[in-house]
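**Q** One structure, pasted below without further comment.
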Amino acid sequence: MRVPFEYAVIRVVPRVERGEFVNAGVIVYCPEHAYLRAAVHLDEARLRALDPDAPVADVHAALAALAGTCDGEDGPAAADRIGQRFRWLTAPRSTVVQPGPVHTGLTAGPDVETDRLLRTLVLR
C-alpha cells in the first residue's frame, strides 16, 4: 500500500547573493510511518566550482546538524514532534545550507524513497 510523503532537497548556496547552489541531500517526511530522515552527500568539487573559498567544513557541520535534528538528536528543534521538525527544517531561510521547496508523493516505503531521491537528485 502506498502512502503520502513529503520531501525537500537540501541545497548548499555558497554565495547567497549569486543564488547558485549544489544539491547536498534530501529530507523525507512520512507521517503514516512516523518517519523523518535526512540523507546527505556533499560533492566538494562541485561546491568549490561555484566558490573556491566555500567553507566546506562548516557546510559538513551544518549538514550533520540537520541530519541530527531529523533524528531528534541535535539542534533547537530536536525535541519537537517529527512533523514540527520537518516544518522547521523546511522553512525558507537565506543561509548557506537551505531547503528547497517541499514536494509530495506516494510511496510504499520511505527508506526506499529516501535512497531513490538521494540517488536521483543529489548523487551523480
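All of the numbers you see were taken from the coordinates with simple rules; none came from a lab. Owing to the predicted nature of the structure, the values given are computational and were not obtained by experimental measurement. Here the Cβ is made from the backbone with ideal geometry for all residues, glycine too, and neighbour counts use every protein chain on show.
**Q** Among the complete DSSP H segments of the chain, which ones combine at least 30 Å of alpha-carbon extent along their axis with a mean Kyte-Doolittle hydropathy of 1.0 or more?
**A** Span-like helices in the chain: none at all.
**Q** Here's another thing I want to ask about it. Between Gly25, Gly68, Gly105, which gets the highest mean-square fluctuation from a Gaussian network model of the chain, Cα cutoff 10 Å?
**A** Gly105
**Q** Give a quick list of GluC sites (Glu not before Pro) in region 25-124 that DSSP marks as loop, anything other than H, G, I, E or B, with at most 16 other Cβ atoms within 10 Å.
**A** Glu73
**Q** Within region 98-114, which residues have the backbone N less than 11 Å from the label spot 7 Å out from Val3 along Cα→beta-carbon, could you tell me?
**A** Once the point is set 7 Å along Cα→Cβ of Val3, 107-111 turn out to lie under 11 Å by backbone N, inside region 98-114.
**Q** Here's another thing I want to ask about it. Nearest 500 deg cm²/dmol is fine: what mean residue ellipticity at 222 nm does the chain get from its DSSP H runs of n ≥ 4 alone, each adding -39,500 (n - 2.57), divided by its residue count?
**A** Counting only the DSSP helices, I get -10000 deg cm²/dmol.
**Q** If you don't mind, there's one more thing I want to ask. In percent, how large is the relative contact order of the chain, given Cα pairs closer than 8 Å and 6 or more residues apart?
**A** Relative CO of the chain lands at 36 percent.
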